[in-house]
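The structure appears below as structure tokens.
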Amino acid sequence: MKRLWKRSLMAGLLAVMVALPPVAGASGGDGFSANRFASEYQVAPAFLQQYAGGNLGVVPGSYWRVFHYMAYQAAKGKPLTPQQLAALELNEWRIGKGSTWDYAYEADLNGSGTWLKERAAYAKQWGLPVDMKLDVMGETDNASYVNCHIDAFKQAAVTLKARATLGAGGKPDAWHKAWLQGQDAVFANCAEPPHEYGKPLPKRVTQLPPAPPANAPDWLKADYAYQSGAAHFYARNFEQARKQFQAVAQDGKSPWKTLGAYLAARCLIRSATLDDDAKGKVAKLQQARKELEGLAPAFAPARHLLPLVDARIDPLARIATLARQLDSEPFNAETPRLLSDYLVLMDKQPRSVLLAAKEPLTAWIATMQANVPADVYEDPHSSEVREQRRHALDGLHQRWLKGGAGDPLWLAPLVSLAAPGELSEAERKAAQAVPAKHPLYLTVQYHLARLALAEKQGAQADKDIDRLLASHGKGMSIATHNRFLGLKMASAGTLDEFVKAAQRKPDGVDNGEAIDAKAAEGDTDEDFPLAVFRYLALPELKTLHAHPRLPARWKAPLQETMLARALILGDEATALPLMDVVAKGRKTTEHLYARYRSAKPGEERKLAGALLLVNTPELNPKVVDGFGTSRDWGCAYGAKKDEAPPPAQPPRYLSAEQLAAAAQEQQALLKLPLRSEFMAPPLLAWAKGKPADDEAPKALHFLVASTRMECPYGTDKEEKEQLRGRYSNEAFQLLHKNWPGNKWAKATKYHF
């Protein structure tokens with residue numbers, strides 16, 4: 001995971017911490033893609049101040065934890081001021097600007113650039129290389145970490161200048177050159193030796209500073225002792241480094257005495273963290289803590305490192321301590337550092353452990369996230385997530401909401417997690433009684449409406465949604481407004497309301513657009529096509545197509561879908577009126593639409609339809625399976641039955657008869673074979689007669705090609721059960737046999 005914790009104890013943690021796996025819905029991570037109309041992960045920058053100040057809107061469980069922290073504080077009556085929010089320097093999920101990636105490779109951020117600039121003038125004077133680059137990253141076999149930190153470069157730059165004044169007349173001399181050569185050797189150990197990615201790291205060769213001669217000044221000898229320890233430290237020779245630093249600490253005349261003792265303790269911390277075969281890791285950390293405690297009263301770096309060691313020794317205890325501090329103490333200069341530490345440590349703990357926390361802040365955040373996978377690669381509807389949700393609900397009932405009533409702070413995760421029929425009457429009444437001015441009011445109301453829809457109380461849900469949009473709509477964030485429109489699509493009592501609710505405005509997470517920016521014409525979220533293509537049969541699709549409020553951008557997709565379904569289902573009456581409009585702009589295939597119109601009903605039109613389909617792969621019937629997943633026809637991959645999400649609510653305006661017709665149509669489409677297997681029989685039967693028709697060899701060419709490009713994510717059928725391979729071979733052989741010199745045969749060099 002890429003992170004930078006600026007001005008934080010985590011600057012120390014970066015020195016010893018291996019990379020974490022990406023986590024969704026936690027503090028942050030890679031591998032996610034956000035909904036542009038209502039981000040699942042973060043608040044749009046343009047609305048962030050309002051959110052932090054208590055205008056939370058609907059708080060999703062999938063938000064990164066820093067946003068849950070803000071919601072918790074607002075619900076507790078401690079919203080963040082603009083100054084406090086600015087102090088967090090929030091960068092997506094990170095506290096502090098930048099990222100570890102930036103830190104690692106941007107010389108101005110990691111301090112190496114400043115050091116090299118300071119070094120350049122002296123290096124030129126001494127005839128040493130000037131144009132240098134420093135890699136600050138170290139690696140283990142399974143992760144990378146920051147090896148050489150900004151403080152080391154700053155200290156080196158200060159010392160470089162100071163040592164330059166120790167020569168005769170206060171000017172640099174040969175001993176200064178020796179010091180610089182020694183420091184160059186130290187920083188040469190920052191990077192790993194060149195190696196091939198994915199292969200074991202080669203053995204390091206430690207680059208030590210050259211030993212000073214006997215007549216060298218005492219300051220150079222003292223600096224050499226310190227530099228030698230640093231070289232071993234960066235080369236991961238921690239035992240040798242510790243011995244060297246301990247010797248420095250025992251030298252009463254060394255200017256590095258205190259720093260030597262501090263770094264001797266850090267050798268124990270790095271060894272315990274980075275060495276896979278390190279023995280007695282806890283004992284090393286405890287010894288390091290003991291040594292740091294002795295230095296802490298008079299040495300701030302040691303004092304700041306103690307919490308890190310505590311986190312390494314007992315991370316859960318440290319999380320608990322941080323949660324109590326963040327919950328009880330007023331926001332102060334230390335809060336960003338504490339919050340950063342807290343979020344990072346939470347990322348390494350299983351959700352079940354966080355749910356069991358005694359501290360309300362930790363338990364609340366974990367409970368809000370209980371319906372969200374802990375990992376981006378986990379199925380959001382898996383049995384593990386369902387069990388996690390059940391565990392969270394049990395915790396709410398047993399610890400935080402005894403008796404079914406209580407604080408809105410805990411009612412919000414309760415209604416967020418509840419499935420239809422799971423709220424008691426007392427819990428429902430308590431949720432309904434949450435004051436309209438409470439920061440979590442809209443979160444509670446949103447989920448009450450969601451549950452009402454699922455419990456077949458669509459008319460009441462529709463009234464509630466209209467009431468909330470009227471009373472709170474102007475103050476809602478774009479994301480919250482869009483979330484309510486998503487419910488409104490399902491509760492809509494008319495087609496007009498359904499189409500109106502479908503049109504959304506991007507919430508500006510990616511581009512930071514203004515809150516009052518105008519909506520792009522015809523923007524809709526993914527819930528619109530899924531609802532349309534799943535719950536609307538051909539007659540309702542025609543009605544929707546003719547609706548005056550339908551965005552213009554949806555005209556063509558609806559026409560193509562209706563035509564594809566009509567050709568597949570043999571509905572000539574629907575297909576014929578669509579021929580002219582779909583043919584527009586398709587110069588290379590417009591003659592095929594005319595061919596369909598002039599063909600005789602029955603088999604001749606069926607062949608004409610197959611020619612259209614094989615030449616026009618964008619004609620897709622838009623199949624939506626029982627899990628609400630859009631898929632290509634015949635590509636029957638999807639969730640397992642025990643991991644299926646609850647079915648999406650159909651638009652309320654549709655009658656039972658219309659829904660039944662749509663379900664029947666979908667079932668027919670779901671039973672279709674692969675696209676190539678559907679088209680092959682009529683095309684092959686026709687081509688075997690060797691018709692004097694230029695469309696025959698072209699159709700065979702495209703049929704062969706279609707067997708290669710369909711279903712990129714696989715199907716539920718084993719390869720041996722699929723007919724497309726046989727059809728591909730048959731079409732290939734037939735093409736080369738009957739039309740050997742044709743351009744389409746020449747273009748078809750393989751079958752699949």
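The values are calculated or read from the model by the stated rules, or taken from the named source; none is laboratory data. Note that the structure is predicted; figures quoted are calculated from it, not measured. Virtual Cβ from ideal backbone geometry, glycine too; neighbours counted across all protein chains shown.
Hey, any hits in region 292-299 for a residue that's part of a helix (DSSP H, G or I) and surrounded by 23 or more Cβ atoms within 10 Å (Cβ to Cβ)?
Yes - at least one qualifying residue is present in region 292-299.
Here's the yes/no breakdown for (1) surrounded by fewer than 23 Cβ atoms within 10 Å (Cβ to Cβ); (2) over 26 Å from Leu308 (Cβ atoms):
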position: Pro213; (1), (2): yes, yes
position: Ala222; (1), (2): yes, yes
position: Ala231; (1), (2): no, no
position: Glu239; (1), (2): yes, no
position: Gln246; (1), (2): yes, no
position: Trp256; (1), (2): yes, no
position: Arg266; (1), (2): no, no
Practice problem: Answer yes or no as to whether Arg312 is at pLDDT below 95 and assigned by TED's automatic domain parsing to the domain that holds Gln349. | Solution: no
Exercise. Pick out, from region 544-607, the helices (runs of 4 or more DSSP H) lying fully within it that include 2 or more residues that are closer than 19 Å to Arg675 by Cα and of a type outside the set (A, V, I, L, M, F, W, C).
Key: 555-569
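This table checks each residue for (1) at pLDDT 95 or above; (2) not basic (Lys, Arg).
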position	(1), (2)
Lys281	no, no
Arg289	yes, no
Leu308	no, yes
Asp327	yes, yes
Glu334	no, yes
Asp341	no, yes
Gln349	no, yes
Leu361	yes, yes
Ile365	yes, yes
Quiz item: Is it true that some residue in region 433-446 is surrounded by 19 or more Cβ atoms within 10 Å (Cβ to Cβ), more than 28 Å from the chain's Cα centre (by Cα) and modelled with pLDDT of 95 or more?
Solution: yes
Practice problem: Restrict the check to region 708-728 and report whether at least one residue is surrounded by 18 or more Cβ atoms within 10 Å (Cβ to Cβ), at pLDDT 85 or above and among the aliphatic types (A, V, I, L, M). | Solution: no
Self-check item: Candidate set: region 546-580, residues that are among the acidic types (Asp, Glu) and under 11 Å from Gly609 (Cα atoms); chosen: the one surrounded by the fewest Cβ atoms within 10 Å (Cβ to Cβ)
Solution: Asp571
Quiz item: Only one residue in Ala185, Ala156, Ala191 is within 18 Å of Gly111 (Cα to Cα), touching a strand residue (DSSP E or B) at 6+ places or on another chain (Cβ under 9 Å), among the small types (Gly, Ala, Ser) and touching a residue at least 40 places away in the same chain (Cβ under 8 Å). Which one?
Solution: Ala191
Quiz item: Do we have Ala272 as closer than 28 Å to Thr140 by Cβ, surrounded by 22 or more Cβ atoms within 10 Å (Cβ to Cβ), at pLDDT below 95 and hydrophobic (A, V, I, L, M, F, W, C) here?
Solution: yes
Exercise. Could you tell me which residue of region 453-512 is surrounded by the fewest Cβ atoms within 10 Å (Cβ to Cβ), considering only residues that are in a helix (DSSP H, G or I) and among the β-branched types (Val, Ile, Thr)?
Key: Val499
Quiz prompt | helices (runs of 4 or more DSSP H) wholly inside region 104-194 containing at least 1 residues that are farther than 20 Å from Ala222 by Cα | solution = 107-110, 112-125, 150-164
Quiz prompt | Odd one out for Gln398, checked against (1) at pLDDT below 85; (2) surrounded by fewer than 15 Cβ atoms within 10 Å (Cβ to Cβ) | solution = (1)
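Okay, residues lined up against (1) touching a Pro at 6+ places or on another chain (Cβ under 9 Å); (2) of a type in the set (Phe, Trp, Tyr):
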{"residue": "Ile568", "(1), (2)": "yes, no"}
{"residue": "Glu572", "(1), (2)": "yes, no"}
{"residue": "Asp580", "(1), (2)": "no, no"}
{"residue": "Tyr596", "(1), (2)": "no, yes"}
{"residue": "Leu619", "(1), (2)": "no, no"}
{"residue": "Val624", "(1), (2)": "yes, no"}
Quiz prompt | Qualifying positions in region 144-174 - surrounded by fewer than 13 Cβ atoms within 10 Å (Cβ to Cβ) and within 30 Å of Thr273 (Cα to Cα) | solution = Val158
Quiz item: Tally time: how many residues in region 251-284 are in a helix (DSSP H, G or I) and farther than 17 Å from Arg236 by Cβ?
Solution: 8
Quiz item: Which residue out of Pro307, Pro330 is more than 26 Å from Arg204 (Cα to Cα) and assigned to a helix (DSSP H, G or I)?
Solution: Pro307
Quiz item: Within the bounds of region 616-629, is there any residue that is assigned to a helix (DSSP H, G or I) and of a type outside the set (Gly, Ala, Ser)?
Solution: no
Quiz item: In region 148-183, what count of residues is obtained for those that are farther than 30 Å from Leu305 by Cβ and in contact with a Phe, Trp or Tyr (Cβ under 6 Å, 6 or more places away or on another chain)?
Solution: 1
Quiz item: Being in contact (Cβ under 8 Å) with a residue 12 or more places away in the chain, small (Gly, Ala, Ser), assigned by TED's automatic domain parsing to the domain that holds Arg312 and not in a helix (DSSP H, G or I), is that true of even one residue in region 236-250?
Solution: no
